[in-house]
Amino acid sequence: MVVKPLSKSSKLSTYKWQPPRAVERPRPLREDPLQDIEALRGEVRGQPATDIEERLYYSLVKKYGSNKVDFQPTVIGTRNIIGEIRPDFVVDEGMVLSVWYADGEYAHKSAEQKERDSMQDEILFHRMQGAVEFPIRIPGDDLQTQEDADKAVEEV
């Protein structure tokens, strides 16, 4: 038995030991708090990415594996120089590479932009003939949720 003083006087009382209280952790409001929330970070492999690019990336990784999907590689030309062709994704399918674009509403909506995209697709396909399939362009409307993106990738 341990004895401790009650005050500065010389009177002593016995100490009663009590087990520590269990810490109660707050319970989440539902089983999985992130169940309905899509966690997009705005980047793919450390590079800035739009939501539709990020969703397409996750779908491609799900289908092909992370080591087969490359984000925004420079395929023709030099990075950030006129004439460069940099697709959103290049997927190594073994014998050939498949090129994927996530066509958002802002960057691919005008007739001029669509013509430029078409020209780049032709250049890419002809310069790398035999190594690359014709580029695949998925409209941003088909990439609004992760389930939509998964479905779009599976349908190609």
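Relative contact order for segment 40-155: 25 percent, from Cα pairs under 8 Å spaced at least 6 residues apart, divided by residue count. Between the amide H of I136 and those of V99, W100, Y101, distances stay under 5 Å, these residues lying 5 or more places away or on another chain, with hydrogens modeled in the peptide plane.
Just want the ordering: F89, F125, from fewest to most Cβ atoms lying within 10 Å of their own Cβ.
Arranged by neighbour count, lowest to highest, F89, F125 become F125, F89.
When R137, R21, R116 are arranged by Cβ crowding within 10 Å, least crowded first, meaning fewest neighbours, the order is R21, R116, R137. With θ taken as phi - 60° and the Karplus curve 6.51 cos²θ - 1.76 cosθ + 1.60 applied, the whole-hertz 3J(HN,Hα) list for segment 111-119 is 5, 5, 5, 5, 5, 4, 4, 4, 5 Hz, x standing for glycine and proline. Rounded to whole numbers, the Karplus 3J(HN,Hα) couplings from phi for segment 52-66 are 5, 5, 5, 5, 5, 4, 4, 5, 5, 5, 4, 7, 10, x, 5 Hz, using 6.51 cos²θ - 1.76 cosθ + 1.60 with θ = phi - 60°, and x at Gly and Pro. Ordering I138, I81, I123 from the fewest to the most neighbouring beta carbons within 10 Å gives I81, I123, I138.
Every read-out reported here was derived from the displayed coordinates using simple, explicitly stated rules and does not represent laboratory data. Treat the numbers as computed from the prediction; the structure is a model and nothing was measured. Glycine also receives a Cβ, built like all others from the backbone with ideal geometry; neighbour counts cover every protein chain displayed.
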